[in-house]
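Okay, so here's the structure we're looking at.
Only the coordinates and a few stated rules stand behind these numbers; no lab work does. Note that the structure is predicted; figures quoted are calculated from it, not measured. Counting neighbours? That spans all protein chains shown, and the Cβs are built from the backbone with ideal geometry, glycine included.
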Amino acid sequence: MSGGAANSADPQPWYAEGLRFECQACGRCCGGGPGYVWLDDDELAAIAQFLGLAADEFRGLYVRRFLGGMSLAEKADFDCILLDGHGRCTAYDVRPLQCRVWPFWPSNLRSRETWQDAARRCPGIGRGPLIALEQVEALRLEMAGE
């Protein structure tokens, strides 16, 4: 009997060979349905500064309080308030963690099927450089708050 990953007590995830992703900056992950983009005080301050606003002004214009936290507001069509008319994020360089780690969310990595479902909405999935397992796991854990 030969050794190897198949005999390991800690089996590799379905994406052990890595995943391809390259953001297309299309905004498709930023709208199309109600949702929440959670942000903390540091993220709020960074976005406000990037947009040239005081933190309180930014909070009043772009943030809603929900379940004891802060989320970016949405437009009437449920697109993120930070998307411009061309689907581009006006704060891309300082976007919140939730946005930075897309599509490596635990919910998308649950199975090959959930990843493929995300790929139907995101044209960057399956494109670009191969993201190694270690980096995928680091992003997943960062999103999960671990």
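Here, the range 18-143 has an Rg and a Dmax of 14.9, 43 Å when only alpha carbons are counted.
Restrict the search to the range 45-115; then list the trypsin sites (Lys or Arg not before Pro) that DSSP places in a loop and that have at most 13 other Cβ atoms within 10 Å of their Cβ.
Working: sites: R59, R64, R65, K75, R88, R100, R110, R112; in loops: K75, R88, R110.
Those satisfying the criteria are K75, R88, R110.
Calculate the length of the line joining the C-alpha centroid of the range 95-138 to that of the range 74-91, in whole Å. That distance is 21 Å. Across the options G87, A48, P11, the greatest Cα extent toward the positive end of the charge dipole of the chain (unit charges at beta carbon of Lys, Arg, Asp, Glu) belongs to G87.
3J(HN,Hα) along the range 100-105, derived from phi through the Karplus expression 6.51 cos²θ - 1.76 cosθ + 1.60 where θ = phi - 60°, amounts to 5, 8, 4, x, 7, 7 Hz, with x in place of Gly and Pro.
In terms of modelled amide H atoms, which long-range or inter-chain residues lie less than 5 Å from the amide H of M70? Under 5 Å from the amide H of M70: L39. Modelled label positions at L61 and E134, each set 7 Å beyond Cα in the direction of Cβ, lie 4.3 nm from each other. Remark: relative contact order (the chain) = 36 percent; criterion is Cα-Cα distance under 8 angstrom and separation of 6 or more residues. Applying 1/(1 + (r/R0)^6) with R0 = 25 Å to the Cβ-Cβ distance of E142 and R121 gives a FRET efficiency near 0.70. In sequence order, the range 71-82 has phi-based couplings of 10, 5, 6, 10, 6, 4, 8, 6, 6, 4, 4, 8 Hz under the Karplus curve 6.51 cos²θ - 1.76 cosθ + 1.60, θ = phi - 60°, and Gly or Pro positions carry x.
Tell me the mean residue ellipticity at 222 nm calculated for the chain from its helices only (DSSP H runs of n ≥ 4, each -39500 (n - 2.57), averaged over every residue, nearest 500).
On the way: 6 runs with 48 residues, N = 146.
That comes out to -9000 deg cm²/dmol.
Once backbone amide H atoms are built at 1.01 Å from N, I131 has L19, R20, F21 as its partners under 5 Å, excluding neighbours fewer than 5 places away on the same chain. For V63, the residues whose modelled amide H falls within less than 5 Å of its own, excluding neighbours fewer than 5 places apart on the same chain, are A73.
A simple spin-label model places the labels of Q12 and A54 5.5 nm from each other, with each point 7 Å out along Cα-to-Cβ.
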